[in-house]
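Below is one structure, written out as structure tokens, with a few remarks after it.
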Ligand code: SF4
């Protein structure tokens, strides 16, 4: 979601004459788009602003702004704490950013805007037509379908910094996706804190209906979405993995804990049993679906027995991948006031156990793919290739491409001697020959193999 917001920020500032630069030193305007979900992410903001202070001293005309969740949370206090900061803008103020920058440029004033909107019809995109998409040529893109959250999980800061849940109208979403497709995007990820409750409050269509409508957009090849709250995962949505052709076979279904006692304290509103039943039904509908999750280690009052239940749940589900974190208090979130916090070293030890167990399952699943042929949507040259640059134009690694399977596995591959060129946005068949810790390597099939698999 922050990547999407950053794109909106750069698009919104383009009409003022700004474009992105590769280095901080070359910038006339520096914006830190921030995340408050964990304490560590928040600390990074302040160390970043510390580094920027030297630039501001050297060039007083430089404009420095902070946006996103830390800005929303701290507001005016940020300006007081960081003297070289010109602007603080919250999660609902992205659309107003160009006017604020215009004012700062002309009046050299400092500004704060952390107002929350009542409605989502303030345009999420300053402009949704083709010419306004600077990411033209990208194979994948994000589209926010809703913002905010009403769930108030006790560990989470999101409802306080992103506001109440609001869904966009399906026609606006479709229009934005069509604009992305015109600019070359072939895979969209629909974003929301809990896409499963899309449209319910506003009486719009259901999320599965929206998926069916997006499925009809010509030239779009793939659809992904994130995130799904398990309590709202409906049978309809699970069936979409069978019925919506372009929907990728991957779901991110955050469980957070395997203990019912802890799930209740987290206010998650599902039980371990209910969660496992949904996983079972998903796999019945779509047998090779990949499932990923989020897990918190060391939630207040989590006993070793609770934690063992989490490890047991992981052994039952065998996730494809996992985002695991140590619990940290977040401002306003109810759990910050809970007693019986778990000591840091114990949290760290539990986190390590989660990561080790997951590494085992990720490796097992990746190894099982060796020898298979996967349809990979090519995203572009891999970072390794880009960073090596022209000095090694003839080496294999220069031609290393990267893409993803429908099940969201990263596949890196080298252009073979096939005369068919590889282009970002194509789906091509790749024979997997190596499994690494976080990715796969393979060889693209030659012409006949490609034709046999089609490009849809
Ligand atoms: S569902 Fe819970 S964890 Fe997810 S954003 Fe909402 S409050 Fe946070």
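No lab work stands behind these numbers, since they all come straight from the coordinates. All of these numbers come straight from a predicted model, not from anything done at the bench. Neighbour counts are summed over all protein chains in view; Cβ atoms, including those assigned to glycine, are modelled from backbone coordinates with ideal geometry.
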For this session: For residue 6 and residue 436, compute 0.36 nm times the residue count separating them, minus their Cα-Cα distance, and round to one decimal in nm.
Result: 151.7 nm
Exercise. Counting other C-beta atoms within 10 Å, which of 270, 275 has the fewest, and how do the rest follow?
Worked result: 270, 275
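Say R0 is 51 Å: what FRET efficiency, to the nearest 0.05, do residue 337 and residue 219 get from their beta-carbon distance? Let's see the in-between values first.
Working: r = 51 Å, r/R0 = 1.00.
FRET efficiency, residue 337 to residue 219: 0.50.
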For this session: Could you compute the FRET efficiency for residue 294 and residue 16, with r as their C-beta to C-beta distance and R0 at 45 Å, rounded to 0.05?
Result: 0.75
For this session: Would you kindly state how much longer the chain becomes between residue 368 and residue 51 on full extension, computed as 0.36 nm times their sequence separation minus their alpha carbon distance, in nm to one decimal?
Result: 109.6 nm
Problem set entry | Rounded if a/c under 1.5, otherwise prolate or oblate - the chain, Cα gyration tensor axes | rounded
Seminar exercise, completed: In nm, the gap between the two label points placed 7 Å beyond Cα toward Cβ at residue 323 and residue 44 is 1.1 nm
Problem set entry | Separation of the residue 423 and residue 304 label points, Cα + 7 Å toward Cβ, nm | 6.0 nm
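Among 47, 293, rank each residue by its count of other Cβ atoms within 10 Å, from fewest to most, as a rough exposure measure. Numbers along the way, then the final one.
Details: 47 8, 293 23.
Placing the least packed residue first, the sequence is 47, 293.
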Problem set entry | Computed FRET value (nearest 0.05) for residue 200 with residue 58, which takes r as the C-beta separation and R₀ as 35 Å | 0.10
Problem set entry | Extension gain, residue 360 back to residue 312 (0.36 nm per residue minus Cα-Cα distance, nm) | 15.9 nm
Seminar exercise, completed: Under the 7 Å Cα-to-Cβ spin-label approximation, residue 110 and residue 209 lie apart by a distance in nanometres of 4.9 nm
Problem set entry | CD proxy at 222 nm, helix term only [per DSSP H run n ≥ 4: -39500 (n - 2.57); per residue of the chain; nearest 500] | -11000 deg cm²/dmol
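What does the C-alpha gyration tensor say about the overall shape of segment 2-113? Classify as rounded when a/c is under 1.5, otherwise prolate if a/b is larger than b/c, or oblate. Don't skip to the answer; put the middle values down first.
Values: a/c = 1.30, a/b = 1.12, b/c = 1.16.
Because its axes are fairly even, with a/c under 1.5, segment 2-113 counts as rounded.
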Exercise. For the chain, what's the relative contact order in percent, using C-alpha pairs closer than 8 Å and at least 6 residues apart?
Worked result: 10 percent
Exercise. Can you give the relative contact order of segment 130-366 as a percent, counting alpha carbon pairs under 8 Å and 6+ residues apart?
Worked result: 18 percent
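Counting other beta carbons within 10 Å of each Cβ, put 153, 286, 69 in order, fewest first.
Ascending number of Cβ neighbours within 10 Å: 286, 153, 69.
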